[in-house]
Amino acid sequence: MRVIDGIHRLDAARMRNYRTIDVMYFDGSEEESFLLSVESNIRHGLPLSLRDRKKAAQRILHNFPEWSNRSIAARVGLDHKTIGSIRQRQGDPAAQPDVRVGLDGRVRPLDPADGRRRAQAEIMRNPQASLRDIASSAGVSVETARDVRGRMTPGTAGAAAAGAASVPCQNSTGEVRASATAESASSGLAEIVATLDSLKRDPAIRYSDDGRALVRWLESRLIYEEDTDRVMRMPAHQMASVAHVARVIATRWNEIATRLETP
């Protein structure tokens, strides 16, 4: 048994000859224990030195190479560019995973074209599969899976516009000219639920009172189809007022998202 957080409180209890002390047990792997220890120590108490934080980042990169630079940076209190530099110096780039798991828990391919090719292969293998299943298997968003299927379906607007190409052509800089609308559109309720499930599995969330409360709070604010129908049944003379409230709330959420994504 090892102390993850509170070694100084434990020492103080021993000095006072306490026979017992309140503890919170953590059931997880050694890698998860280390991660929780680092996150706890950058939030309170004596902060970790820059050297310690960089060493912690190196170990997390070794244990979780699929995590994005921003995701690791948030856990060790470093800039995401610093994590990128450490990643470049650590190991063979060819051995790096071809996907990244972001702060939001979503899996994103490093090369969007690869993700689209995987989605195309999944659709060819199982044409009747749902968009959610295709997206999960290929490691892409539901909207990307929808766009790929549209490009592969003869007679659709997407196929006509793209020449039925599921993987858009690249320009001279290697950037994929994908449909901006499809890529930037909302990932849908299914993806939000999947993201919340990912949060629940994160030890830093699962074993934190604030983390569990946050997940419950977010779940209570999901907007289902029946909620939209209920809003649309509002008396006509109050619809403008409800629309104003919705816009104010959306603006506040956008501000929160911007702060979360800002290093």
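Listing for the model above:
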item	result
Selection count where residues are part of a helix (DSSP H, G or I) and either open to solvent by 70 Å² or more (accessible area, probe 1.4 Å) or modelled with pLDDT of 80 or more (or both), scope the stretch 193-228	24
Top-ranked residue of the stretch 252-263 - restricted to ones that are modelled with pLDDT of 85 or more and open to solvent by 80 Å² or more (accessible area, probe 1.4 Å), ranked as nearest to the chain's Cα centre (by Cα)	LEU260
Test set (1) farther than 28 Å from GLU32 by Cβ; (2) at pLDDT below 85 - VAL148 fails condition number	(2)
Pick from the stretch 1-29, criterion part of a helix (DSSP H, G or I) and at pLDDT below 70, ranking: most open to solvent (accessible area, probe 1.4 Å)	HIS8
The listed residue being closer than 17 Å to GLY115 by Cα and modelled with pLDDT of 50 or more, out of SER136, SER187, SER179	SER136
Within the stretch 128-142, considering residues that are assigned to a helix (DSSP H, G or I) and surrounded by fewer than 19 Cβ atoms within 10 Å (Cβ to Cβ), the one nearest to the chain's Cα centre (by Cα)	SER136
Tabulated pairs, the stretch 62-82, first under 14 Å from GLU32 (Cβ atoms) and touching a residue at least 12 places away in the same chain (Cβ under 8 Å), second open to solvent by 40 Å² or more (accessible area, probe 1.4 Å) and assigned to a helix (DSSP H, G or I), C-beta under 8 angstrom, 6+ apart or interchain	ASN63/GLU31; ASN63/PHE34; PHE64/GLU31; ARG75/ILE42
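Rundown of residues vs (1) open to solvent by less than 40 Å² (accessible area, probe 1.4 Å); (2) of a type outside the set (A, V, I, L, M); (3) modelled with pLDDT of 80 or more; (4) closer than 22 Å to THR262 by Cβ, yes/no style:
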site: ARG43; (1), (2), (3), (4): no, yes, no, yes
site: SER49; (1), (2), (3), (4): no, yes, yes, no
site: HIS62; (1), (2), (3), (4): no, yes, yes, no
site: ALA73; (1), (2), (3), (4): yes, no, yes, yes
site: VAL101; (1), (2), (3), (4): yes, no, no, yes
site: PRO109; (1), (2), (3), (4): yes, yes, no, no
site: ALA113; (1), (2), (3), (4): yes, no, no, no
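The values are calculated or read from the model by the stated rules, or taken from the named source; none is laboratory data. Note that the coordinates shown come from a computational prediction; the quantities given were computed from them, not determined experimentally. We place every Cβ from the backbone using ideal geometry, glycine too, and count neighbours over all the protein chains shown. What goes into the accessible areas is simple: the full protein's heavy atoms, side chains included, and nothing from ligands, DNA or RNA. Shrake-Rupley method; radii C 1.70, N 1.55, O 1.52, S 1.80 Å.
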